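A.B. asks: Supplied in structure tokens, the structure appears directly below.
The values are calculated or read from the model by the stated rules, or taken from the named source; none is laboratory data. Not measured: the values here are computed from a predicted model. Positions of Cβ are generated from backbone atoms using ideal geometry, with glycine treated the same way; all protein chains shown enter the neighbour counts. With ligands, DNA and RNA removed, areas are computed over all heavy atoms of the protein, side chains included. Shrake-Rupley method; radii C 1.70, N 1.55, O 1.52, S 1.80 Å.
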Amino acid sequence: MQRFSKKFLSYPREDGFREITDNFCRQAGFRANVVFESFDTAVIADLVRAGAGVAILPRLWWDVGNSQQLVKLPISNPHLKRSILLSWMENRYLSPAARNFGDFVSQYLQNKRNQHSCE
């Protein structure tokens, strides 16, 4: 497998998004040349702004206005996707605040999905 020659800034291997991006790179036929890892998306983005390398960042992060001075290149093939799960113990008390939070997150992500399906 060919190694991508650009310096790649990424999440650590322990992060689920890193597994997704590594899998994406394999599907695209290359292995990323990872030179820096951080759990903090803002740190990765700041280093990209400084010219330290390239990165794949979550769409949700872009959508909240964090992309100043960054160039967004859409990836269409292979398709890059991840799942976000919200879980709780079945048959356990769930406070009204926790139920409201779950409803909010569910509605927020559904709205995001609907927005992106229209793009």
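A.B. asks: Taking 7 Å along the Cα-to-C-beta vector as the label spot, tell me the A50-S83 distance in nanometres, rounded to one decimal.
C.D. replies: 3.7 nm
A.B. asks: So which aspartates and glutamates pass the test for K6, namely a Cα distance under 20 Å, with those fewer than 8 places away in the same chain ruled out?
C.D. replies: Of all the aspartates and glutamates, those that pass the test against K6 - Cα under 20 Å, at least 8 places apart if same chain - are E19, D22, E37, D46.
A.B. asks: Mind listing the long-range amide H neighbours of R31? Cut-off is under 5 Å, sequence gap 5 or more, other chains count too, H placed in the peptide plane at 1.01 Å from N.
C.D. replies: HN-HN under 5 Å from R31: Q2, R3, F4.
A.B. asks: Then there's this: For L109, L57, L85, write out the residues from largest to smallest accessible area, computed with a 1.4 angstrom probe and no ligands counted. Write down the numbers at each step before the final one.
C.D. replies: On the way: L109 55, L57 25, L85 155 Å².
Sorted by accessible area, descending: L85, L109, L57.
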